[in-house]
Number of protein chains: 2
Amino acid sequence: MGFMANVPRLDGLIERLESADALDDLQGIIEELRDDLGVDHVVYHWVNSNGQQYGCGTYGDWAVRYAEKGYLRIDPVVQGCFQRFHPVDWKRLDWSGKAARAFLRDAIEHGVGNQGFSIPIRGPNGQFALFTLSHNCDDDTWEAFTEDNRRDLILVAHYFNQKALELEPGRTPEAAQPLSPREIEAMTLLAVGYNRAQAADTLSISEHTLRVYVESARFKLGAMNTTHAVARALSRGLIVV
Amino acid sequence: MGFMANVPRLDGLIERLESADALDDLQGIIEELRDDLGVDHVVYHWVNSNGQQYGCGTYGDWAVRYAEKGYLRIDPVVQGCFQRFHPVDWKRLDWSGKAARAFLRDAIEHGVGNQGFSIPIRGPNGQFALFTLSHNCDDDTWEAFTEDNRRDLILVAHYFNQKALELEPGRTPEAAQPLSPREIEAMTLLAVGYNRAQAADTLSISEHTLRVYVESARFKLGAMNTTHAVARALSRGLIVV
DNA sequence: ATCTTCCTCCCCAGAAACTGCGAGGGCGGG
DNA sequence: CCCGCCCTCGCAGTTTCTGGGGAGGAAGAT
């Protein structure tokens, strides 16, 4: 397999993905993909909304350092992809800011390539993941490579996330519990700045009733207070502001 | 051309999608895709969870009736796809329940095919859309057709949604005034359920100081209260919970 | 037919958050 | 050098939220 080849045997890869039945298989598949592509790193990174992370890939100790340092909060790749729909070249992200530059320096020192290409993927309940390629080369080479493989990579990322969703053990049971229509309305109004009286008035119900909805939603979401509940509902995609 | 052909000229279609610069172009592209595929209907449906909808497709008056009747709330396709990641054949959805069956009967009476295949797509800020094919044929034919075209359809749906996101008028990227590091920490802690005392303690500052951060963030975000501010910070990707 | 879930309404007291006032030191840019 | 922004801290009064009760009707599911 040569240097930065096109995605090879896409069919075979996706078939292997579909027949995988353990997270360890994913690690193997991702390493195979890295070798076939000829890039330095391939990483799948699950950004769980409660701060936990799951990932597999070829970053090695950088992944450990990343988690230890809490880089998730300042990583411009995460920040940028979270607001985008399409795959993004790292060069197009906002690397201004002291923290971002320090992060980048640290990353490169720990073996991450100077080039990167990340595909955001979103699933139900606000799930968010990143499928990332990283490599060391010049801009033109990287540009050509990503353009050639963009569509195939989108598909691979999609199937990879599908399998990861299936296999992920931490499928929070409480996340499955949906909110009732009234609860959604109530939470949405609170999320856009209404206080309880205003929200109740908007829904033409008593403030007490609205309170019941909010409490019910808070219970379902496992939240400690209203702000927490609204944050969780937003993170899980149950409401939209 | 012909009956239910494979996705033809995928490259050309995606190129047309990428060069589209108006929502009307999308309507044309979707009609072309329907003709090329040889299916009865192709529909792109933007489901905003606050009740607003945008769609384009070939449903004609059914789309109007759908909106008028508020079918969004009972449509098993929407309900089912919202909880799923992968494309889904309508047969695999839950059609039990009186409302669902009545809805299905009404749909078929208004020209919707007895077969359907819907691809859920999710974008930033909880955006959710459906890309749907519908047709009239037997189960085996439909099964074979969707299996053959699954990957191409996923890609088309992805690029279609990307363009729809670009062209959607309601995209007001409000000046994302950045929060200071301390403000981000404070808002993040509140978003994960801490109250002000706990958050202040965690940051090793006085509760009053924390309050100042929250007020400052609230002002920057144009929010009316803490809950609102946290919701906005989350929506704009300023904090990650 | 029964059971669960949802929607609606009520009271009260304590805890927490909001509003508005003010103050000082540090750090970087014009 | 001054201006603006960030970080830090205090008091007091008012409003809002939280948590504990209870209660009845309507709809859908088993």
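The values are calculated or read from the model by the stated rules, or taken from the named source; none is laboratory data. Bear in mind the structure is a predicted one, so any value in this text is a computation, not a measurement. A quick note on method: Cβ atoms are made from the backbone with ideal geometry, for glycine too, and the neighbour counts reach across all protein chains shown. For the accessible areas, the whole protein counts, side chains as well, though only heavy atoms, and no ligand, DNA or RNA atoms are used. Shrake-Rupley method; radii C 1.70, N 1.55, O 1.52, S 1.80 Å.
Taking the stated definitions as given, is B:Arg84 over 15 Å from the mean Cα position of the chain (by Cα) and of a type in the set (D, E, K, R)?
Values: over 15 Å from the mean Cα position of the chain (by Cα): no; of a type in the set (D, E, K, R): yes.
No: the conditions fail for B:Arg84.
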Pair list, Cβ < 8 Å and 6+ apart or interchain, from the range B:62-78 residues that are under 16 Å from B:Trp90 (Cβ atoms) to residues that are open to solvent by less than 20 Å² (accessible area, probe 1.4 Å) and assigned to a loop (DSSP other than H, G, I, E, B): B:Trp62/B:Val112; B:Tyr66/B:Asp75; B:Pro76/B:Leu93; B:Val77/B:Leu93
Test result for A:Asp89, in the same structural domain as A:Lys163 (by TED's automatic domain parsing) and free of Cβ contacts under 8 Å to residues at least 40 places away in the same chain: no
Pairs where the first residue, in the range A:219-237, is part of a loop (DSSP other than H, G, I, E, B) and the second is of a type in the set (S, T, N, Q) and open to solvent by 40 Å² or more (accessible area, probe 1.4 Å), C-beta under 9 Å, 6+ apart: A:Gly222/A:Thr172; A:Met224/B:Asn195; A:Asn225/B:Asn195; A:Gly237/B:Ser49
Output for the range A:223-235, where each listed residue is more than 10 Å from DNA strand D (Cβ to nearest atom) and open to solvent by 40 Å² or more (accessible area, probe 1.4 Å): A:Arg232
Which numbered condition A:Val241 fails, given (1) within 12 Å of DNA strand D (Cβ to nearest atom); (2) within 21 Å of B:Met187 (Cβ to Cβ); (3) not in a helix (DSSP H, G or I): (1)
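Quick grid of which residues meet (1) within 14 Å of chain A (Cβ to nearest Cβ); (2) within 12 Å of DNA strand C (Cβ to nearest atom); (3) out of contact with any Leu (no Cβ under 7 Å at 6 or more places or on another chain):
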site: B:Asp138; (1), (2), (3): no, no, yes
site: B:Glu147; (1), (2), (3): yes, no, yes
site: B:Ser180; (1), (2), (3): yes, yes, yes
site: B:Thr188; (1), (2), (3): yes, no, yes
site: B:Gln198; (1), (2), (3): yes, yes, yes
site: B:Thr202; (1), (2), (3): yes, no, no
site: B:Leu221; (1), (2), (3): yes, no, yes
Residues of the range A:223-241 that turn out to be near DNA strand C (Cβ under 10 Å from one of its atoms) and touching a helix residue (DSSP H, G or I) at 6+ places or on another chain (Cβ under 6 Å), as a count: 2
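If I filter the range B:84-117 down to residues being closer than 17 Å to B:Asp139 by Cβ and assigned to a helix (DSSP H, G or I), which single residue comes out as most open to solvent (accessible area, probe 1.4 Å)? Lay out the reasoning, then the answer.
The first filter runs over the range B:84-117 and keeps only residues closer than 17 Å to B:Asp139 by Cβ, leaving B:87-93, B:95, B:104, B:108, B:112-117.
Then drop every residue that is not assigned to a helix (DSSP H, G or I), which leaves B:90-92, B:104, B:108.
On the way: B:Trp90: 26, B:Lys91: 90, B:Arg92: 168, B:Leu104: 55, B:Ile108: 79 Å².
So, considering only residues that are closer than 17 Å to B:Asp139 by Cβ and assigned to a helix (DSSP H, G or I), the one most open to solvent (accessible area, probe 1.4 Å) is B:Arg92.
State all residues of the range B:21-35 that are open to solvent by 10 Å² or more (accessible area, probe 1.4 Å) and either under 13 Å from B:Glu168 (Cα atoms) or not in a helix (DSSP H, G or I) (or both); if no residue qualifies, say none.
Here is the first cut: in the range B:21-35, the ones open to solvent by 10 Å² or more (accessible area, probe 1.4 Å) are B:21-25, B:27-28, B:31-32, B:34-35.
Within the range B:21-35, B:Asp21, B:Ala22, B:Leu23, B:Asp24, B:Asp25 qualify.
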Top-ranked residue of the range A:187-216 - restricted to ones that are within 10 Å of DNA strand D (Cβ to nearest atom) and in contact (Cβ under 8 Å) with a residue 12 or more places away in the chain, ranked as surrounded by the most Cβ atoms within 10 Å (Cβ to Cβ): A:Leu190
Matching entry among B:Leu72, B:Leu93, B:Leu104 (being over 18 Å from A:Asn161 (Cα atoms) and within 16 Å of DNA strand C (Cβ to nearest atom)): B:Leu72
Flag for A:Glu166 being away from DNA strand D (no atom under 16 Å from the Cβ), out of contact with any Asp or Glu (no Cβ under 7 Å at 6 or more places or on another chain) and more than 11 Å from chain B (Cβ to nearest Cβ): no
Test: residue in the range B:51-59 that is surrounded by fewer than 21 Cβ atoms within 10 Å (Cβ to Cβ) and among the β-branched types (Val, Ile, Thr): yes
Any hit, the range B:43-56, residues being over 24 Å from A:Glu183 (Cβ atoms) and at pLDDT below 80: yes
